[in-house]
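Structure, as structure tokens:
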Amino acid sequence: MRWLAFAVVALSACTSGTPIGMGNIPDELARTARVSNLPIGDYRIAPGDVLEFRMIGGDPSLDTVQTVRLDGRISLPYIDDPIVGGLTMQEARQHLTEAYVKKGILKPKIALQTKGT
């Protein structure tokens, strides 16, 4: 039990007194991101990314979570495995929308988001 008390005292001596992430950036450099200027559209999909696919207003059974394969493809219902690797999220949504329109689904609204890598 004494070793635990010693460890707590020793570890507390290692802290700087300033909480992590607080007060370390000068005010003139600190900025906040505007919601309208988020760089989300610039992200390029890569092999290993996990994507959540939904067709808004469509059959929920079409919803799926897919890992981008090494060849950049994912498996989706009704269309041949599309290549999304190397595309931005916006480009991938457009590509998938076009693929579903070619299969006869009029005005599909596709939600695509990353779930992780």
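The values are calculated or read from the model by the stated rules, or taken from the named source; none is laboratory data. Only a predicted model underlies this, so the values are computations on that prediction, with no experimental measurement involved. Backbone-built Cβ (ideal geometry, glycine too); neighbour counts: all protein chains shown.
Please work out if R31 is assigned to a loop (DSSP other than H, G, I, E, B) and modelled with pLDDT under 85. In short, yes. Counting the residues of the range 48-102 that are in contact (Cβ under 8 Å) with a residue 40 or more places away in the chain and at positive phi gives 3.
Can we say Y43 is modelled with pLDDT under 90 and either crowded, with 17+ Cβ neighbours inside 10 Å or of a type in the set (F, W, Y) (or both)? Taking the combined requirement at face value, the residue satisfies it.
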